[in-house]
Amino acid sequence: MTLPDPAAHAAGADRTFQVDLRGLVDLLSHHLYSSPRVYLRELMQNAVDALTARHALATDAPADAFGIRLYADGSVVRVEDDGVGLTEADVHTFLATIGRSSKRTDQIAEQRGDFIGQFGIGLLSCFLVADEIHVLSRSARTPDAPAVEWRGRGDGSYTVRTLPASARPEPGTTVTLTPRADAAEWTRPTQVHTLARHFGSLLRHPVSFDDGTGGPGASVNPEPAPWARTYRTPGARSRALAEYGEEVFGFTPLDTIELDLPAVGLRGIACVLPEAVPVGRRHGHRVHVKGMLLSEQAEEILPEWAFFVRCVVDAESLRPTASRESLYEDDTLAAVRDALAERLRAWIARTAASDPDLLARFLQVHHLAVKSLAVHDDEILRMLLPWLPFETTDGHTTLDEFARTHRTVLVTSSVEEFRQVAAIASAAGLGVVNGGYAYDRELVQRLPEIRPEIGVADLDPATLTAHLDPVDRETELAAAAYLALARDALALFDCDVALRTFQPASAPALLVDSREARHERTRSQLAREQQGGLWGDILGALHQEAPRAQLILNQLNPLVRTAIAIDEPELARTSAEALYGQAALLSRRPLRPAESSLINRSFLDLLAHALRKDS
């Protein structure tokens, strides 16, 4: 151990950090990289960057003149490239200094966009699977340059040797790893080949793999990306893109949308999902940078509303984060996101104009996604609103079809309100749309912007009850005593009772109530219970005259006609409670504890009355 020099300390001399390499590797494995498998991606990435630099030196060389060769036989993993290579000075400067990248200061690397890696820590990922890294390199920049050997160990020590040029006859770099026993999962030949295909299937340089069995090497990327190939017909191109999407994502796309942004060198496809997904659920997208797979879960490449597609793209100008497993959020990414969103809008518009069958299938599956887009996009709203399906009193139908028979469209504010009134409103000839689902009410209210001849209004209890026919005077007088008992029985629920005639006759009663009215009655009840306290004063200050619920009995229903003729007061009260409970259940809204208790009590009372009558 070296003791600090007191004189140097007093003079304020500069010192360097002491790095615990093992601790740093542990930090990388737990917080930077998602899995040890990234070691192969980092080695391949370094090889690709070296090839890019080699091509910058040999500008007249064919595109496939230089390549990458992988080898794994279970005892070693080797990655060899024909890239620009390293000199002895490069090795001392860059391999021995953690965090420094040769691509930062090299003249060839002044254009940072030419390289995938930019952080100089990728080689450390090899320590996730091996305790020693062996690098043999020869520079292509200097004629007759010697070979240089570097050995780095997990304890932070390393050695450098200069070897004769014959040790590596051609320029390039070979990195050899001797895997640890606990890393066998990631270094078996089959796994190395799988990882190479996974990360490098779209690389522009030839990559081959040898498993050491003596057979011919297998090509990792035998064909270019499907969008970069030439096809005889547009139909053949569409089928090839769809097959690639199915291979990558595991589903047959409803359609494929070709993506091309020349400004950032981005190409790829968006695959339209064949099944609906929950609103707002965002899928991960496969993003390659210069052919190297960056991420399979890049949500940030598309806006939130585009959850009906999954994309696979290859880009030139997108910046990876330090882990190279996601994208750096900057102006370029924001511009790409906006441009891709515009491509999806254009596809929807083109489909609506030229392929009504595909549009119908698309809307049947992804109408929620289109609704979420139409809320904020006037062009999509004007184009597709009439064709979007909604739940109505005429069933699930489009607004265009619904408006043909209903010049005034009524819309509810909640699902439960629609369920309360749907059957009655339909029999009365009212056109009501369920506005309780996400986006529906807001979109329906904008229908007059597209169809000016159609009127849209919110449905309220007064509108509905105005379409219910009153009973004749004689019938109302005969039922007065029963109605008075019913109102008294239901006073606990702030519920009025009325007698009307309406269709269908099979419906004995209609409970007209709103969520806002129930909330106001609950607030008033709490204010009464908390009277005199601070909370009670606050609730009292918010007091409004709460509209009462209304139980409308259907005089056309045999059960109601039998009930209003009951002359026993207790039995009449029980029947009114039972009718209220049945109407509450038919409204499909959550029952309050008092309502559940009333339903049970009225059923038991009716059963007891029937038993007494039989005995």
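No value in this document is a laboratory result; all are computed from the given coordinates. Just so we're clear, the structure is a prediction, and the values are computed from it rather than from any experiment.
A few points about this structure:
- Summary of the geometry: the stretch 144-178 and the stretch 548-595, compared by the centres of their Cα atoms, lie 91 Å apart.
- Whole-Å distance, taken between Cα centres, linking the stretch 359-374 and the stretch 285-302: 25
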